[in-house]
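Below is one structure, written out as structure tokens; the observations come after it.
Values quoted throughout were computed directly from the atomic coordinates according to the rules given, and no laboratory measurement underlies them. All of these numbers come straight from a predicted model, not from anything done at the bench. Glycine gets a Cβ as well: all are built from the backbone with ideal geometry, and neighbour counts include every protein chain shown.
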Amino acid sequence: DLFGYDVVIFGDVDPRNFTPAQLDALAEFVSRSGGSLLMLAGRRFSPWAYRDTALAGLLPVDFERRPPGAAATSLHERPLKLALTPASPLLRLSDDPAENRRRWESLPPIFWTAHVLRPKPAAEVLLVHLPEGADATPVPVIALEQYGVGRTMFVGTDNTWRWRRHEGEEFYTSLWARLIQRLAIHHLISGSRR
């Protein structure tokens, strides 16, 4: 049944709910059939609990087995500073760069992102968290990567629901529709390779 879909979305799901064969089938769905996988980070399982599974190699970010301490899974007291990357036309809210920046800056803040080490070399990073400190390295929040003939995306926060405030449903729905469309389009156009 899996191969009848274009995109599979994993939230903060315990990998013990799946057999290794099911996760291997999902990896094949992406790498050989041209399907897509989107993993939404969560504070309990995603992505860390998938470190030793077939999905770890698919994701466009490198991550540790467990987050380093409770600070990585608890909410921050202050809003996190996010920044679009030059490779992020997918997240554009306006064709005018100044208006686009203004709209992103007016979004309600988020207070948690998953602690990941770095993007993988072929990943396209769309949005980063800028930690405080002069020598701090930007942390990928939204990253996309071609994997085999399919695609994978990592969304490193469970706080996107906050963006519905002020801009409303239109922005939130449009953003998620573009992300899903980007993941599904190749499979929809070319058909499954299976």
Do any trypsin sites (Lys or Arg not before Pro) in segment 135-182 lie in a DSSP loop with no more than 11 other beta carbon atoms within 10 Å, and if so, which? Arg165
Loop-located trypsin sites (Lys or Arg not before Pro) in segment 1-52, at most 16 other Cβ atoms within 10 Å (DSSP): Arg32, Arg43, Arg44, Arg51
Using every Cα-Cα pair within the chain, state what percent have a distance larger than 29 Å. 22 percent
In the neighborhood of Leu90, defined by Cβ-to-Cβ distances under 15 Å, what is the net charge if each Lys or Arg adds +1 and each Asp or Glu adds -1? +2
Ignoring GluC sites (Glu not before Pro) that are buried or in helix or strand per DSSP, and keeping those with at most 10 other beta carbon atoms within 10 Å, what is the longest stretch of the chain between them? 1-76
Do any chymotrypsin sites (Phe, Trp or Tyr not before Pro) in segment 84-138 lie in a DSSP loop with no more than 16 other beta carbon atoms within 10 Å, and if so, which? Phe111
1/(1 + (r/R0)^6) with r = Cβ-Cβ of Arg78 and Ala122, R0 = 25 Å, i.e. FRET efficiency to nearest 0.05, evaluates to 0.15
The chain - charge dipole about Cα centre, Lys and Arg +1 at Cβ, Asp and Glu -1, debye rounded to 20: 100 debye
Between helix 97-106 and the chain: long-axis angle, C-alpha atoms, 0 to 90°, nearest 10: 90 degrees
First check a/c for segment 42-153, with a ≥ b ≥ c the square roots of the eigenvalues of its C-alpha gyration tensor; if it is under 1.5, answer rounded, and if not, answer prolate when a/b is larger than b/c or oblate otherwise. oblate
For the pair Asp24/Ala177, report the inter-label distance in nm, with labels modelled 7 Å from Cα in the Cβ direction. 4.0 nm
Just Val61, Val125, Val116 to compare: in a GNM of the chain, with alpha carbon springs under 10 Å, which one fluctuates most? Val116
Would you mind telling me which residue in Pro108, Pro86, Pro47 has the biggest mean-square fluctuation in a Gaussian network model of the chain, where springs connect alpha carbons within a distance under 10 angstrom? Pro86
Relative contact order [Cα under 8 Å, 6+ residues apart], segment 11-146, whole percent: 23 percent
